[in-house]
Amino acid sequence: MTLGGAAGLFDWTTEAQKQVDIEAAEMDEGLITSLLLRLWPKDQPKPSIEEVRGISKEFLEGNDAKSLAAVRRSRPDQMVTLTQADGDGQSTDARYRRYCGPQSEKL
């Protein structure tokens, strides 16, 4: 299995689905409110609605918000099982040695 751009997900919850649905709907409207608030530093005051709009506009500038929303909605499709992630049944260390050569034995 090859994953590109992000790690696979091993667990998907109804809470994660709710978060994706909300964030995708906001992106469809040109906003990143929930995403921004989720990632906002806990020790900082929350941004005002005007600040959220400004940050959203800056973040989404030059991007297709509808496409980003679609990518957000595709998160459940990134689920993988541990068997799929393991692939050939070898440990990550063994796989690394196979691809990096005998000099990696010292790792």
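When L39, L68 are ordered from fewest to most other Cβ atoms inside 10 Å of their Cβ, what list results? The partial results should precede the final answer.
Working: L39 8, L68 17.
Starting with the residue having the fewest Cβ neighbours, the order is L39, L68.
Under a point spin-label approximation (7 Å from Cα along Cα-to-Cβ), what is the V71-K57 distance to one decimal in nm?
2.3 nm
Once amide H atoms are placed 1.01 Å from N in the peptide plane, what residues at a sequence separation of 5 or more from L9, or on another chain, have their amide H within under 5 Å of its amide H?
M79, V80
Note the count of lysine pairs whose C-alpha atoms are less than 22 angstrom apart in the range 14-73, limited to pairs 8 or more residues apart or on different chains. Intermediate results must be reported in sequence, preceding the final value.
On the way: K18/K42; K18/K46; K18/K66; K46/K57; K57/K66.
Number of lysine pairs found: 5.
Rounded, prolate or oblate, given the Cα gyration tensor of the range 14-73, with a/c below 1.5 counting as rounded? Don't skip to the end; give the middle numbers.
Values: a/c = 2.38, a/b = 1.18, b/c = 2.01.
Judged from the Cα gyration tensor, the range 14-73 comes out oblate (a/c at least 1.5, b/c at or above a/b).
Please identify every one of the GluC sites (Glu not before Pro) in the range 25-82 that sits in a loop by DSSP and has no more than 16 other beta carbons within 10 Å of its own beta carbon.
Numbers: sites: E26, E29, E50, E51, E58, E61; in loops: E29, E61.
For GluC sites (Glu not before Pro) across the range 25-82 that sit outside H, G, I, E and B with at most 16 neighbouring Cβ atoms in 10 Å, the list reads E29, E61.
Values in this text are rule-based calculations from the coordinates and carry no lab data. These figures come from a predicted structure and were not determined experimentally. Virtual Cβ from ideal backbone geometry, glycine too; neighbours counted across all protein chains shown.
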